[in-house]
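Okay, structure first, notes after.
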Amino acid sequence: MKSANLIHNVEKKVDSVLELMTIEEKIGQMNQYNGFYDVTGPSPVDGDSKTKYDHLKNGLVGSMLNVRGVKEVRAVQKIVVEESRLGIPLIIGFDVIHGYKTISPIPLAEAASWDLDAIKKSASIAAAEAASAGINWTFAPMVDISRDARWGRVMEGAGEDPFLGSKIAEARVKGFQGDDLSDVQTIAACAKHFAAYGFSESGKEYNTVDIGTSTLYNIVLPPFKAAVDAGVKTFMNAFNELNGIPATGNLFLQRDILKNQWKFNGFVVSDWSSIAEMTSWGFSKNLREAAKFAVIAGSDMDMESYAYIQHLSDLVNNKEVNESLINDAVRRILRVKFELGLFDDPYKYCNEERESATIGSKQNNEAVLDMAKKSIVLLKNENQLLPLKKSGQKIALIGALANDKNSPLGSWRLASEDNSAVSVLEGMQKYTDNLLTYKKGADLIVGETAFIHELNINTTNKSEFKEAIDLAKQSDIVVMVLGEHGFQSEEGRSRTNIDLPGVQQELLEEVYKVNENIVLVLNNGRPLSITWADKHISAIVEAWHLGTQAGNAIAQILYGDYNPSGKLPVSFPRNVGQIPIYYNYKNTGRSLPNTDKKMVFWSHYSDVENTPLYPFGHGLSYTSFSYESLNLNKNVYSVNDSINISVNIKNTGKIKGKEVVQLYIQDLFASITRPVKELKAFKMVELKPGESETVHFTLDKNSLGFFNNIGKYVVETGKFKIFIGGSSYTTLEADFELQ
Ligand code: BGC
């Protein structure tokens, strides 16, 4: 009742503001500008900045992005509140993707934790830091499912699976927004990029997307729907086209599905200049037409295209755009501003004391360290090379990334200070009872690194190989930190080759010739193909780009102070040619090899196995687990029954450890072919050595159906399989029938 009253009140308030507004002021609310000059300095006198400044004064800007810090935000808010006619406060947006200043692991890494509470907490810390710096809206979470490691933005999402992706979308939205959006510690979230951007053809950035309806409904859309169900306040559309229609001008996506079917009542912001880009796509003839298509299709706010501010008024006057569409968009935007409490106090996020007490606090650093440890995945550990002994060893640390304080921050960390991460070298130096010596071996990057510029990878200079090889010769163990620089995975960073970049593979092989006791620590924002390493190197640790506390987290894992528990949220291909590769693939008419092994007419490659190098859900521990007694309470169920499933899991190793128990199903025959496996549930258990636990799962019709080709959720009777284990390659299985 109380919340119904609140909603009613907000609606009344929105209406009362709307009534006061001129059409120009309404269109102004739909206009978002990038930070443009030092607002704390003198006002601009000409050019673009002057135009934007005048628009602010005249109440023709609804939102700003990339203005951050209490001082800046207050200054820009003051122009609007004190100088514009109605004083409608700005909503201040920023890409708070994995932390504000205290940086948590990149989103893909966090997804590897499968720890929804930790992920939620990480988002809430990012929100609190950003909110203390004047920001009240983040352009996150990115919930794009992707099966393509060539695409640089894989690092920003939760991987390849719609079920895990949906759970993480929900956790992130709730983490950012909290229980009360008007709390000064919470900010509005934004589910992006709507939709199917993760399926950019050939992994090339900004490319065409051409997927079937089944993939759209069953793989792409579920995490977006989960974000809506979690109460996300905003959506961002996408740079791609989908079946020939740019997402920004896509009425089917934004109106039919999002606003009508899902009843989303927040607003949709365009992606950066994506309205204008519809002309480059060959969809709109000019900016005016782009504005028209975008607003009709349901894009409520224009980020940096200047399309709405220049053309909407004329389009409305000419009756090409109905004013009711403008009212709807503005109502959506004002609603979020009211919910944030900006009308009560436009400066509520502007408090210097809170800013300095919150940003970079000890608790925030402890929390991102915890998140970083949980995000690490132990890919391989033969001969028990890990954990390292804490004393009496000569350890060689090799690789440019081992001594890098910038790269671990990853990309999309625009407010963090450069070089503010703990490097692996610094982390490992704390364990002083060993003799630790560092040699770079080779540079990864030559020259400057920047968010927006191409990187110059070192592909030739091997002059420092010798020092590293000599060191390796004299050491008991070699720890090599290799992989991608933090800026190598992000927007605009597609790769056709996902091997270790530059001369790193060669360095690894040369070091291996003199010392086989190598622990390979990978830094990367996407799956890499490391087939040689998998064959030769005993211990491989996937350490992604782990943020501010990276080096401490990695050192604690290497020395066994923390037992790894991460599981891959993406499949690692054996080579780039296998892409797209994902665990929930479909059977073909010829999935199995012929009995005559030499016959070629089956679904396979001539030069590489069908399986990935490391499957989705894979991740080891310093202990081991056994799974047995998979039980179902019945064998035959009716559609409305609950299916109760249990399995026993035992810690069969020597130390305490955590395991993510994963449950997959297969619907054997259906009116639309179904994947060979689909994740439907998971639970994390922590067990002492020798301890066992019975883990229970309940499935119902919400887990057993699928979306048909007109987007309707259907549950079909028939035979199913259940699989349970510690990865998508689990072997424990049972059958049941739905009648
Ligand atoms: C990205 C968005 C981002 C926006 C604002 C665009 O280039 O695609 O994800 O939120 O810029 O920085």
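Here the chain is assigned +1 on the Cβ of each Lys and Arg and -1 on the Cβ of each Asp and Glu. Its dipole about the Cα centre then comes out at about 1240 debye.
In order along segment 41-55, the phi-based Karplus estimate (6.51 cos²θ - 1.76 cosθ + 1.60, θ = phi - 60°) of 3J(HN,Hα) comes to x, x, 6, x, 9, 8, x, 4, 4, 4, 4, 5, 4, 4, 4 Hz; Gly and Pro are listed as x. For Asp210 and Thr531, the FRET efficiency from 1/(1 + (r/R0)^6), where r spans their Cβ atoms and R0 equals 25 Å, is about 0.25. Model label sites at Lys13 and Ser361, defined 7 Å from Cα along the beta-carbon direction, differ in position by 2.6 nm. For Val519, nonlocal amide neighbours, meaning residues 5 or more places apart or on other chains whose placed amide H falls under 5 Å from its own, are Val478, Val479, Met480.
On the basis of the beta-carbon distance and an R0 of 60 Å, Lys394 and Asn640 show a calculated FRET efficiency of 0.40.
Residues whose amide H comes within less than 5 Å of that of Gly99, counting only those at least five positions distant or on another chain, are Ser104 (H built at 1.01 Å from N in the peptide plane).
Leu251 exposes around 70 Å² of accessible area when a 1.4 Å probe is run over every protein chain in place. Across segment 515-566, Cα pairs under 8 Å and at least six residues apart give a relative contact order of 36 percent. Backbone phi angles across segment 154-160, fed through the Karplus curve with coefficients 6.51, -1.76 and 1.60 (θ = phi - 60°), yield HN-Hα couplings of 3, 4, 8, x, 10, x, 9 Hz in residue order; Gly and Pro are listed as x.
Leaving out ligands, DNA and RNA, and with a 1.4 Å probe, what % of the accessible surface on the chain is carbon or sulfur?
Heavy-atom surface of the chain belonging to carbon and sulfur, 1.4 Å probe: 48 percent.
For the chain, the mean residue ellipticity at 222 nm estimated from helices alone is -8000 deg cm²/dmol, where every DSSP H run of n ≥ 4 contributes -39500 (n - 2.57) and the total is divided by all residues, rounded to the nearest 500. With K and R counted +1 and D and E -1, the other residues having a Cβ less than 14 Å from that of Ile581 yield a net charge of +2.
Assuming 0.36 nm per residue, please report the length gained on full extension of the stretch Asn322 to Thr652 beyond their Cα-Cα distance.
That pair, Asn322 and Thr652, stretches by 112.1 nm at full extension.
Could you tell me how far the Cα centroid of segment 626-648 sits from the Cα centroid of segment 166-245, in Å? Result: 33 Å between the Cα centres. When only alpha carbons are used to place a centre, segment 497-538 and segment 135-165 end up 26 Å from one another.
Around Leu704, with a cut-off of 11 angstrom between Cβ atoms, what is the net charge of the other residues, counting Lys and Arg +1 and Asp and Glu -1?
Computed value for this residue: -2.
Restricting the trypsin sites (Lys or Arg not before Pro) of segment 565-647 to loop positions (DSSP other than H, G, I, E, B) with no more than 15 neighbouring Cβ atoms within 10 Å leaves Arg590, Lys597, Lys598, Lys634. Shown in residue order for segment 111-127 are the 3J(HN,Hα) couplings computed by the Karplus curve 6.51 cos²θ - 1.76 cosθ + 1.60 at θ = phi - 60°: 4, 5, 6, 6, 10, 5, 5, 5, 5, 5, 5, 4, 5, 6, 5, 4, 5 Hz (x for Gly and Pro). Surface analysis of segment 253-380 yields an accessible area of 38 Å² per residue, using protein heavy atoms and a 1.4 Å probe. Could you please state, rounded to a whole Å, how far the C-alpha centre of segment 679-739 is from the C-alpha centre of segment 332-386? First find each Cα centre; the distance between them is then 32 Å. With Rh defined as the Kirkwood radius, the inverse of the mean 1/r over Cα pairs, the Rg/Rh of the chain is 0.98. The Cβ shell under 12 Å around Gly341 holds other residues with a net charge of -2, Lys and Arg each +1, Asp and Glu each -1. Shape analysis of segment 201-308 based on the Cα gyration tensor places the equivalent ellipsoid semi-axes at 21, 18, 11 Å, largest first.
Against the chain, whose longest principal axis comes from its Cα atoms, helix 362-375 is set at around 50 degrees. Computed from Cα atoms, the angle from the helix 323-340 axis to the main principal axis of the chain rounds to 60 degrees. Under the combined filter of DSSP loop state and at most 16 neighbouring Cβ atoms within 10 Å, segment 253-304 retains these trypsin sites (Lys or Arg not before Pro): Lys263, Lys285. Near Tyr559, the amide H atoms lying under 5 Å from its own belong to Leu388; only residues 5 or more places off or on other chains count, and H is placed 1.01 Å from N. Rolling a 1.4 Å probe over the protein chains gives Glu464 an accessible area of about 60 Å². Seen against the Cα atoms of the chain and their longest principal axis, helix 162-177 is set at about 50 degrees.
Taking every alpha-carbon pair under 8 Å whose residues sit at least 6 apart, the chain reaches a relative contact order of 13 percent.
The values are calculated or read from the model by the stated rules, or taken from the named source; none is laboratory data. The structure presented is a predicted model; accordingly, all values stated were derived computationally and were not measured. For neighbour counting, all protein chains shown are included, and Cβ atoms are generated from backbone atoms with ideal geometry for every residue, glycine included. Surface areas here come from the heavy atoms of the whole protein model, side chains and all, with no ligands, DNA or RNA. Shrake-Rupley method; radii C 1.70, N 1.55, O 1.52, S 1.80 Å.
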